[in-house]
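Reading through the structure tokens given below for one structure.
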Amino acid sequence: MWFDTFCTSVTLKLVRLVLDTTIFVAAFRSHSGASRKLLQLVPARAFLPVVSPALYLEYESVLTRPEQLAVHGVTPQRIEEALIYFAGFTEKVRIHFSYRPQLRDENDEMVLEAAINGHADAIVTHNVRDFLPVAHRFGIEVLTPSRILKERLSR
């Protein structure tokens with residue numbers, strides 16, 4: 001009885017992460033890399049993925065490019081199924097405020113905006129230097145998949 005009360009009174013705050021498109025590209029290309037391991041933690045609710053509609057569409061657009069399809073060999077239908085499954089575990093963020101331009105790469109702006117508007121703790125990317133130091137100005141960490149796995153999500 002006391003344990004049930006204890007468990008319901010303890011609220012764990014999940015780490016809120018925005019995943020850059022590079023994470024999905026790497027995860028589809030390598031079955032044993034940190035990006036794949038990170039995405040495998042999504043159904044276990046080890047963290048809360050935060051995504052905007054524009055960023056979600058970017059994942060799909062990039063993963064279904066002919067050069068990507070040739071490398072990872074996954075069909076567009078399977079990609080769509082995987083992304084729909086992923087979407088079921090995410091917090092959808094509306095972009096209320098635009099902060100553009102902040103970054104050198106215009107395509108990275110939607111990642112930063114999702115992180116800012118979604119109150120993310122961190123952006124997870126393979127392009128750390130592209131987001132530094134801009135993300136820090138907004139109080140958002142920028143981490144690689146291996147670093148977030150090691151520092152925040154290891155069990």
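The values are calculated or read from the model by the stated rules, or taken from the named source; none is laboratory data. These numbers come from a predicted model, not from an experiment. Every residue, glycine among them, receives a Cβ derived from its backbone with ideal geometry; neighbour counts consider all protein chains shown. In case anyone asks, the SASA skips ligands and DNA or RNA and just uses the protein heavy atoms, side chains included. Shrake-Rupley method; radii C 1.70, N 1.55, O 1.52, S 1.80 Å.
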Fill in the blank from the handout: Scanning region 16-51 residue by residue, those open to solvent by 30 Å² or more (accessible area, probe 1.4 Å) and touching an Asp or Glu at 6+ places or on another chain (Cβ under 6 Å) turn out to be Arg16, Leu48
Practice task
Inspect all residues belonging to region 95-116 and state whether any of them is surrounded by fewer than 17 Cβ atoms within 10 Å (Cβ to Cβ) and modelled with pLDDT of 95 or more.
Solution key: no
Practice task
Identify the residue in region 19-53 that is in a helix (DSSP H, G or I) and in contact (Cβ under 8 Å) with a residue 60 or more places away in the chain and, among all such residues, is nearest to Ala115 (Cα to Cα).
Solution key: Thr21
Completion exercise
Residue hits (region 85-94; under 19 Å from Ser35 (Cβ atoms) and either among the aliphatic types (A, V, I, L, M) or open to solvent by 40 Å² or more (accessible area, probe 1.4 Å) (or both)) are Tyr85, Ala87
Practice task
Return yes or no: is Ala82 of a type in the set (A, V, I, L, M), in a helix (DSSP H, G or I), free of Cβ contacts under 8 Å to residues at least 24 places away in the same chain and surrounded by 17 or more Cβ atoms within 10 Å (Cβ to Cβ)?
Solution key: yes
